[in-house]
Amino acid sequence: VCGYTTQLEGSNPTPGNTAHWQFIGGPGTAIFSNPYLPNSNVMVSGPGTYQFTWHEYSSVCDSLDTVSITFITQPHANGGPSPVNVCGVNYNLQAQYSVNGSTGTWQILPPSQGLFTPSNNDANAVFTATSGYHTYYLTWTENNLGCTSTDTIQLDVHEMPMPDAGPDLAICGHEIVLTVNSTYPGYWSSSNPTAHFLHDNTSDSVLVNIVAIHYLEVDTFIWTAYSDYCTNYDTVLVTFSATPHAEAGSTQSICGYSTQLAADTIGSIASSAFWTCNNNGITITYNGSDPLPWNPQVSINNPAQFFATSDFQSVYFYWHVQSGPGCQSYDSVQVFFHQIPIANAGLDTVVCGKNYWLHATTSLITPTGQWSVLNGPGTANFTPNNQALSMVTVTQYGNYSFIWKEMNPHMSMCYDQDTVNIEFLLAPEPDAGTDFSVCGKFAQICAHPTMPNGQWSGPSGIAYYVNETDSIPTPSNNSQPCTWIRWPSENDTITMYWTEFNGTCYGYDSVNVYFSTLVDAVILTSPSDSLVCGPSYHLLAAQEPSHGYGYWIDDVYNTTFSPNPYQYNNVVATIDTGGTSYYGLHHFYWITVNGNCKDTSNALSVTFIQKPHANAGGHYWPGLFGNQSEIKTDTVCGLDYQMNAHTSLGVGTWYSSDITYVHFVQGFNNFTQSHISNDSLYLLCQTCYTVFSTATPYREFIWHEQNNICTDADTIRLYFAPRPSGQFTVTTPACRYDSSMIIAQTWNLPNNINYGITEFNWNYPGGYLNSSITDPLHSDTIYVSWDNGNQHLVTLIEQNKWGCYSGLVSHTVNEPAPFNPQNLITPTTCGHCNGKIELNTNYTDPQGITHTNYYTFQWLDTNSISLIRDELCPNSWYSVLVNGQSLSPDAAPETICHDTLHIFVPDTGTVIASFDTTLLEQHQVAPYQVVMQNTTINGRKYSWRVYDENNQMIFSSTSENPTITFTQEGCYTIMLIATSKDGCIDTAIFKPLCVDKEPIFEVPNVFTPNGDGNNDVFKVHGEAIDEFEAKIYNRWGRKVYEWNDVNGSWDGKITGIEASPGVYYIIIKAKDRRGKDYKYEGYLHLLREKQ
């Protein structure tokens, strides 16, 4: 049989006999399921041939038969893991034999096809799928001496990615673009850890750079492609050659025509190099021995041609380096060549005086330069000092050397200098005096000579005299610095020259002399024109002078003359009006001036009288009554007006051309005139409102002022308009808080005080204007409602089109009486919902008449119309809508109103238990005693109870304010049960109240961790400690142990190793539950000897 179990097949025993199976022998053991059954199952312990006997017997005889059974081990086929995802068409099978010596065979289930190499009898054959990429099913059958077993595996065959990373590459530098040919996604990686892929290593074309370690580096780059199940890769080798570094040197600025370049070759890794230039006029010459021509000499071939258009030129030189074929670099350096100037300060010379124009000759196209003094007896000033043409001024006479420094404008250090010598000689500098004039034909001129032998000269006809009184001239007197001269014609100006000569240098000065005659001053204004009203006099006139000029003066200060005081006629004199002292008598004079000759006229006497300026008050609107009109206006609200003239000078008088009904309170002439500027004016009639007149809507009044001969008048037009009455009517709202109709009294025809009203300033505090009224300011009728209160104040101020306001008029709007049906309220008890409300539909009017079924009701919370509500909750408001006929006298008949009645259901007997918990202090030390403060509301009886942490009652009391003593530490619950007189109960609880032991903090100073069970650990004795920190240090100050629990300890070990005996230092910080701080510092002795 295959396996180790079989069913025996013995014959059934003869009736009356018994039988059983018996194991005779075999390589192992055997077990029967029931040895007395002919078809019992038997199980052996191993393979081989076993003998079993079926033994039947009676009471006298027995019989037996033996059967041999060979048991063969049943194989259990194992084809290997399944399912398997196979990448590619080949898979190495992994079947395993379960029985030594057994054989096996692979088969492929159709319709799939494939090959087994070397054969299908090899448990580890290579299977090649030949029918495409899909799922293959293979069976592995194991055979052991005819006993077989089969296992099926699933192979999911997938296409293997086959990327192509391309041929190996070589690159100059540290960057390269890698490209792969792959139908599947993947990612790049590198053997060089410095490789950096920009920007994503999953792209089939990617830029990668490396940090080169050597001049030449070969790196492997791998493209790993993957599908859902399969991964494959391809590699490419990249040879990186380091890019040579070119450093051409620093920018140069040269004064001249040649320089030496200096490239930096350190670290350039260049094998060859050369220079080039962008200018054909430059020669590059290298004579060194270095294989890299890093420092050649460069020169300008033709400087004149090179600097033909500019004083400087910029040239770029390029330094080319190469580290290998195709791997090269370059750098440039800029050189600024500046032309050297050739300075020329001019020729040496001698000059008279201290000034000289220096004139240098420049050599550059755009030169700059600077003059300076090299030496000399004094200092020199150049104007300007940076131009070739410059005025130099010296402080002392003598020989000076001046330096002209010509500079290249683009490089101030590129310059040339030249020197010029100038001798400054003293030049005479005489002073002929200042110009002057004389009255007549003689004048004395005086020069201030600087040296002897000077001489006067002048126009032909001049005569020289020793004295003014000489009758004969003295021509030789022209050599005298001071001499008299005579000019034959008057009103003429001549120029005289005083000249001096020192043998080399001349010097002279001139003076102008005017010879004048006397011109008579005559005033042409009539002396009778001696009075003027106002500050200006327009009649000044004088005879025009034949020579010279004239001007007006006043013997009173601050008088001005227009257009100016030098005009002889049509002159206006205006006195200063800053004070009254300038009015009065003035004397005017006309003065003629001709050179040094003056004449003054006789005085013209003029008296100035101040003119009054009448101002009738009111308002002035320019142009209202014409461009030249100054008539004032004012509007009078009513028939009385306070006049308000602004007085100036003299006597003022009010009067009117129409005196009808005019009455001045302090007036004269039957009270129709008044000298009082602010007198009160009345029109003595009730209908004298002028604004109702279409012809003349005003009355005119004149304010007249007179000062001596001067007068002035001003007119004011008064428009008399009525004041509105401001009266209005109100209605009682039809229903409570409905709108009241409010109507102002107006009149639509003239001659009525309520005519022409334009604005209604309504005020209704707390009210709401009906939305139909969009412009209440211009509405004589409004509708206003309020949402609370019984009476409401309404006020009105009216304004008419003349700007007159009424007084403040007020009326009261009375709300209709609220609906107040009778009701009966039954309060709740003990906070229970057992309250009740009963409503009554009758209404009793003010006359005492009862109207039945007057009201109907609807509860707002339930929409019920019931008259009775019960099971109502305590201290709650209940709202009911009451419907009934309007109680307003202004309402239309049968008007139905709605009102809301709010009914409060109170509670009786409720108790609120409470006590003052602020008296309870946490973490007090036992015994702790506290007197309770009962704050219960509406309490009659009390029960106090205290429970410990085990919920055991430790205290009870019926006192109102008991004293409780807590004798033990622990946390407690305090309970107060309060009862009202109506039997209502409430409970207040406070928990926890924690009471502590007396804090203990004791620190030992020695312990013996020797394992004898006595004092083996160091431990602080602490109770009621909330915060704790302990640190132990050895003799060198190193911390060896620490803990932060007061119940913690130290066993004398450091990181598991016994600490050395000796003295340690301990620092402990702690805080108890009451906030007290503890700090201990001291020595701790560790001993290990056993006692």
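The values are calculated or read from the model by the stated rules, or taken from the named source; none is laboratory data. Please read all numbers here as calculations on a predicted model, not as lab measurements. Cβ coordinates were reconstructed from backbone atoms using ideal geometry, including for glycine residues, and neighbour counts include every protein chain displayed.
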Residue count for the range 845-874, restricted to those that are among the β-branched types (Val, Ile, Thr), out of contact with any Gly (no Cβ under 8 Å at 6 or more places or on another chain) and closer than 19 Å to Ile896 by Cα: 3
Can you tell me which residue within the range 692-712, out of those that are among the aliphatic types (A, V, I, L, M) and modelled with pLDDT under 95, is nearest to Asn754 (Cα to Cα)? Ala695
Among (1) loosely packed, with under 13 Cβ neighbours inside 10 Å; (2) part of a loop (DSSP other than H, G, I, E, B); (3) polar (S, T, N, Q), there is one condition Ser310 misses while meeting the rest; what is its number? (1)
Restricting the first residue to the range 285-301 and requiring it to be farther than 22 Å from Asp331 by Cβ, which pairs with a second residue that is among the aromatic types (Phe, Trp, Tyr) and assigned to a loop (DSSP other than H, G, I, E, B) meet a Cβ separation below 7 Å and a spacing of at least six or different chains? Ile300/Tyr257
Need a quick list: strands (runs of 3 or more DSSP E) entirely within the range 371-430 having at least 2 residues that are hydroxyl-bearing (Ser, Thr, Tyr), over 60 Å from the mean Cα position of the chain (by Cα) and modelled with pLDDT of 95 or more. 398-408
If the requirement is being among the charged types (D, E, K, R) and farther than 30 Å from Ala248 by Cβ, which of these qualifies: Asp348, Asp331? Asp348
Please state which one of Thr434, Thr495 is β-branched (Val, Ile, Thr), surrounded by fewer than 16 Cβ atoms within 10 Å (Cβ to Cβ) and outside any loop (DSSP other than H, G, I, E, B). Thr495
Go over the candidates Asp714, Asp658 one by one and state the one that is touching a residue at least 24 places away in the same chain (Cβ under 8 Å) and either more than 30 Å from Phe608 (Cα to Cα) or touching a Pro at 6+ places or on another chain (Cβ under 7 Å) (or both). Asp658
Requiring at least 2 residues that are of a type in the set (Ser, Thr, Tyr), the strands (runs of 3 or more DSSP E) wholly within the range 501-596 are 506-516, 536-540, 549-554, 560-562, 584-594
Any idea which residue in the range 198-208 is nearest to Ala270 (Cα to Cα), counting only those that are modelled with pLDDT of 90 or more and part of a strand (DSSP E or B)? Val208
Can you say whether Gly440 is surrounded by 14 or more Cβ atoms within 10 Å (Cβ to Cβ) and outside the structural domain of Gly548 (by TED's automatic domain parsing), as far as the supplied structure shows? yes
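Each row is one residue, and each column tells you yes or no for (1) within 30 Å of Tyr764 (Cα to Cα); (2) surrounded by 15 or more Cβ atoms within 10 Å (Cβ to Cβ).
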residue	(1), (2)
Leu796	yes, yes
Glu815	yes, yes
His832	no, no
Pro846	yes, no
Assuming Lys1031 fulfils every condition listed in (1) surrounded by 15 or more Cβ atoms within 10 Å (Cβ to Cβ); (2) part of a loop (DSSP other than H, G, I, E, B); (3) touching a residue at least 24 places away in the same chain (Cβ under 8 Å) apart from one, which condition is it? (2)
Would you please name the residue that is surrounded by the fewest Cβ atoms within 10 Å (Cβ to Cβ), looking only at residues in the range 275-291 that are touching a Pro at 6+ places or on another chain (Cβ under 7 Å) and assigned to a strand (DSSP E or B)? Thr285
Of all residues in the range 11-32 being part of a strand (DSSP E or B) and not aromatic (Phe, Trp, Tyr), which is surrounded by the fewest Cβ atoms within 10 Å (Cβ to Cβ)? Gly25
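Show me the strands (runs of 3 or more DSSP E) entirely contained within the range 33-131 in which 1 or more residues are under 22 Å from Thr18 (Cα atoms), of a type in the set (Asp, Glu) and out of contact with any Phe, Trp or Tyr (no Cβ under 6 Å at 6 or more places or on another chain). Let's see the steps before the verdict.
Numbers: elements: 41-44, 48-57, 62-71, 84-87, 90-92, 103-108, 114-117, 126-129.
In the range 33-131, 48-57, 62-71 are the strands (runs of 3 or more DSSP E) which contain 1 or more residues that are under 22 Å from Thr18 (Cα atoms), of a type in the set (Asp, Glu) and out of contact with any Phe, Trp or Tyr (no Cβ under 6 Å at 6 or more places or on another chain).
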Looking only at the range 606-631, which residues are surrounded by fewer than 14 Cβ atoms within 10 Å (Cβ to Cβ) and assigned to a strand (DSSP E or B)? Thr607, His619, Gly623, Leu624, Gly626
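State all residues of the range 596-629 that are in contact with a Cys (Cβ under 9 Å, 6 or more places away or on another chain) and either at pLDDT 95 or above or of a type in the set (A, V, I, L, M) (or both); if no residue qualifies, say none.
Ile609
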Looking at Leu993, Leu976 in this structure, which one is under 20 Å from Asp1072 (Cβ atoms) and of a type in the set (A, V, I, L, M)? Leu993
Would you call Thr224 among the polar types (S, T, N, Q) and exposed (fewer than 14 other Cβ atoms within 10 Å of the Cβ)? no
Out of the residues in the range 526-574 that are small (Gly, Ala, Ser) and touching a Leu at 6+ places or on another chain (Cβ under 9 Å), which is nearest to Ile709 (Cα to Cα)? Ser530
Residues to consider are Thr828, Thr852; find the one that is surrounded by fewer than 18 Cβ atoms within 10 Å (Cβ to Cβ) and either of a type outside the set (A, V, I, L, M, F, W, C) or modelled with pLDDT of 95 or more (or both). Thr852
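Whether any residue in the range 131-152 is farther than 30 Å from Ser329 by Cα, in contact with a Cys (Cβ under 7 Å, 6 or more places away or on another chain) and outside the structural domain of Asn209 (by TED's automatic domain parsing) is what I want to check.
Within the range 131-152, one or more residues are farther than 30 Å from Ser329 by Cα, in contact with a Cys (Cβ under 7 Å, 6 or more places away or on another chain) and outside the structural domain of Asn209 (by TED's automatic domain parsing).
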The range 220-259 - residue that is among the hydroxyl-bearing types (Ser, Thr, Tyr) and part of a loop (DSSP other than H, G, I, E, B) and, of those, farthest from Thr194 (Cα to Cα): Tyr257
Only residues that are assigned to a strand (DSSP E or B) and either assigned by TED's automatic domain parsing to the domain that holds Gly638 or not hydrophobic (A, V, I, L, M, F, W, C) (or both): list them for the range 741-765, please. Tyr755, Thr758, Glu759, Asn761, Asn763
Filtered residue count, the range 793-819, keeping only those that are touching a residue at least 40 places away in the same chain (Cβ under 8 Å) and either closer than 19 Å to Cys897 by Cα or part of a strand (DSSP E or B) (or both): 17
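Has the range 63-71 got any residue that is within 24 Å of Asn144 (Cα to Cα) and aromatic (Phe, Trp, Tyr)?
Scanning the range 63-71, I find at least one residue that is within 24 Å of Asn144 (Cα to Cα) and aromatic (Phe, Trp, Tyr), so the answer is yes.
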